Amino acid sequence: MTIVAAHPVGDPFEAIGDGTRREILRQLSDGDKAVHEIAAALPISRPAVSRHLKLLKNAGLVAEYADGNRRIYHLEDEGLQVVQAYLERVWGEAAVRFRLLAENTASHAPQ
């Protein structure tokens, strides 16, 4: 088995902004899949699936390895962790601001 390393050059948020690419990620969350397996579950052509996979790979969200003449794709943990950390940071900061606003509003409410 030959592993083809992914070096992110694309924006992961741009990559997950498309519903088809999110569906591909969902499929890969069930396990590694070849392009033809992914394409069989989608209403688009195999070449279109390959283009979506290339974009996901460039964003560091998936990686591939060769199995004979087939390319097998899987989720790339590091890329997904970058997205998760960003969302946790943004939502965490928003939650802190919301709590401070709520506490400030409650302490200044008329009695």
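The values are calculated or read from the model by the stated rules, or taken from the named source; none is laboratory data. What you are looking at is a predicted structure, and each value in this text was computed from that prediction instead of being measured. Positions of Cβ are generated from backbone atoms using ideal geometry, with glycine treated the same way; all protein chains shown enter the neighbour counts.
Note down all Cβ pairs under 8 Å where the first residue falls in the range 80-101 and is closer than 20 Å to Glu14 by Cβ and in contact (Cβ under 8 Å) with a residue 12 or more places away in the chain, the second is assigned to a helix (DSSP H, G or I) and of a type outside the set (Phe, Trp, Tyr), and they're at least six residues apart or on different chains.
Val82/Pro12; Val83/Pro12
Being surrounded by 13 or more Cβ atoms within 10 Å (Cβ to Cβ), touching a strand residue (DSSP E or B) at 6+ places or on another chain (Cβ under 7 Å) and either at pLDDT below 95 or under 12 Å from Ile24 (Cβ atoms) (or both) is the requirement here; does His74 meet it? Give the derivation first.
Numbers: surrounded by 13 or more Cβ atoms within 10 Å (Cβ to Cβ): yes; touching a strand residue (DSSP E or B) at 6+ places or on another chain (Cβ under 7 Å): yes; either at pLDDT below 95 or under 12 Å from Ile24 (Cβ atoms) (or both): yes.
Judged against the criteria, His74 is a match.
I need every pair where a residue in the range 15-36 that is of a type in the set (Asp, Glu) has its Cβ under 8 Å from the Cβ of a residue that is surrounded by 13 or more Cβ atoms within 10 Å (Cβ to Cβ), sequence separation at least 6 or different chains.
Within 8 Å, the pairs are Asp18/His52; Glu23/Leu42; Asp32/Ile72; Asp32/Tyr73; Asp32/His74.
I'd like the full set of residues that are surrounded by fewer than 17 Cβ atoms within 10 Å (Cβ to Cβ), of a type outside the set (Ser, Thr, Tyr) and touching a strand residue (DSSP E or B) at 6+ places or on another chain (Cβ under 6 Å), limited to the range 40-70.
Hits for the range 40-70 are Ala66, Arg70.
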